[in-house]
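Since every read-out is calculated from the coordinates, none of them should be taken as a lab result. Please read all numbers here as calculations on a predicted model, not as lab measurements. Quick reminder, even Gly has a Cβ in these numbers, built from the backbone with ideal geometry, and neighbours come from all protein chains shown.
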Amino acid sequence: MIMASPIPVEINHRKEKGVVRVTWEDGHVGEYGCGYLRGYCPCALCQGHGAKIKFVEVPDAKLAEISAVGNYAIQFTWQDGHNTGIYTFDYLKSLCPCPECNRSKDR
Amino acid sequence: MGTVTRDVVLEALKKVQDPELQRDIVSLGMVKNLEVTGGKVAFTVELTTPACPLRERIQEDCQKALVGLNGVTDLQISFGAQVRGSKTGAGQTDLLPSVKNVILVAAGKGGVGKSTVAANLAVALKMHGAATGLLDADIYGPSIPIIMGVKGEPKKIEVNGEFKLEPPTAHNLPVMSIGFFLEPDQAVIWRGPMLGKALHQLMADVHWGDLDYLVVDMPPGTGDVQITFSQQLKVSGALLVATPQDVALADVVRAKSMFDKVMIPIVGIVENMSYFICDGCGKKHEIFSRGGAERAAKRFKIPFLGEIPITSSIREWGDKGVPILVREPQSEISRTFLEIASRLAGQLSVVSEIARRAQSLKIISS
């Protein structure tokens, strides 16, 4: 069966550093650069219908707003108005760029 | 020989995990009625659904955890189930407070067998022992009255001074459908606002009573009805029905992006019409190829809950108003439905646990 999703307890947009810091229930902390998050936007506009998630470069991506979606995902609204990406907790966790997660990555 | 105390037993049971919720059964509050008298230990494990797929495993793990304890001479584990609510989403109001879980059975397009799947899964959940209802929201082509073999206008009854519609019962399930209010050959040609009103009535004015699960057969596609549902009901999750072709991926993409928009989590995908077993040669024919839905599930990390074959009996008995599960409960296809219902119930338990935990999320900007 499917594993229970990881749950974030805090999402902190640190504006001057241009990063989003996510603290997970188990204490794990990951810092996501805004450009990195935007590039891996999971929406169909960015990803099309391909089978693999790809990185779509968006120069100078700035984050405007973060909101919770239901009880299972996060929506980022970017300053250019793009807001169709719904990052499920699972997906967000799979993107975690910290060295520890990167080592065990099979994305 | 040492004496056993409640604390010792609880401490030992903390090593037993619910494999789906991935937390121990003590902190999940699943251990009830614990009694320790001398060396006798008795308790009830309250599962989060009577359709729990993992009951035997939990029982085994409990035994393993306690058998080694010093002083335990007798062990009695019984099982109960208390379905937990998992309602989430953007809906501001909850029109159905007495219903714990609302599941939308949906697809990105028509003709994939949503209604058949919805009806049989509702019957399966009921057979597992959960209080279940079935709501046909397919306003364009309500087929639940035919599949479940019920017709006629529901009775009006008075509940707490208000007039409500009493859902007729078919095969032990309360059933409501817009089809009950239409002549058989009449088509629904309403515009949006009328649709919204009719749906609102189907949700608010029906006396469902206490239900663990309400299975909703959605109209095909991505539109008005789906939005109305997400805004007026607290929906637990959506179950997508897809067919095996490669275009299934495109349908799933559509349905997923819609449910993301309205903030309803997708709790699973089932593949319908997966294969046909020829009654002449006994060979499995994969008419529409196979595995498209499973690939789509992998791609979007949605739980894949199972494959349902095409058989002529499912169609035949559906047309006669008897779901295959009622007619041939021992058949392979019925077992498939029961298994899928278990997995669905398990996923809803996971969703409810996530919903509870996610409530404490803090979003800040510094």
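Summary table below
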{"read-out": "Residue A:26/residue A:57 FRET efficiency (R0 51 Å; Cβ-Cβ; nearest 0.05)", "value": "0.95"}
{"read-out": "Shielding by partners, peptide B:299-306 (average Cβ within 10 angstrom, other chains)", "value": "3"}
{"read-out": "Spin-label proximity, residue A:45 to the stretch B:244-260 - amide N less than 15 Å from point 7 Å beyond Cα toward beta carbon", "value": "B:257-258"}
{"read-out": "Rg [Å, one decimal], Dmax [Å, integer] - chain B, C-alpha atoms", "value": "22.3, 78"}
{"read-out": "Straight-distance crosslink candidates among lysines, where the alpha carbon sits under 21 Å from residue B:155 and sequence neighbours closer than 8 are dropped", "value": "B:164, B:197"}
{"read-out": "Chain A, dipole about Cα centre (Lys/Arg Cβ +1, Asp/Glu Cβ -1), debye to the nearest 20", "value": "240"}
{"read-out": "C-alpha long axis of helix B:114-127 to longest principal axis of chain B, angle in °", "value": "30"}
{"read-out": "Shielding score for B:257-264, defined as the mean number of other chain Cβ atoms within 10 Å", "value": "5"}
{"read-out": "Relative intensity, log₁₀ I(q)/I(0), of the stretch A:8-99 from a Debye sum that treats every alpha carbon as a point, q = 0.12, 0.13, 0.19, 0.26 Å⁻¹", "value": "-0.33, -0.39, -0.88, -1.67"}
{"read-out": "DSSP bridge orientation in chain B - percent antiparallel, rounded to nearest 5", "value": "30"}
{"read-out": "Cα-Cα P(r), the stretch B:6-81, percent of pairs per 5 Å interval", "value": "3, 16, 32, 28, 13, 6, 1"}
{"read-out": "Chain B: relative contact order as a whole-number percent, Cα under 8 Å and 6+ apart", "value": "21"}
{"read-out": "Contour excess over end-to-end distance, with Cα ends at residue B:158 and residue B:335 and 0.36 nm allotted per residue", "value": "59.8 nm"}
{"read-out": "C-alpha long axis of helix B:248-261 to longest principal axis of chain B, angle in °", "value": "70"}
{"read-out": "Chain A - Cys residues lacking any other Cys C-beta under 4.7 Å", "value": "A:34, A:43, A:98"}
{"read-out": "Helix axis angle, B:332-358 relative to chain B longest principal axis, alpha carbon, degrees", "value": "70"}
{"read-out": "Distance from the stretch A:4-30 to the stretch B:300-366 (C-alpha centre basis), Å", "value": "32"}
{"read-out": "Added length on full extension, which subtracts the Cα-Cα distance from 0.36 nm per residue, residue B:10 to residue B:319", "value": "106.0 nm"}
{"read-out": "Spread of Cα-to-Cα distances over 10 Å intervals beginning at zero, given as percent, for the protein assembly as shown", "value": "4, 18, 27, 24, 17, 8, 1, 0"}
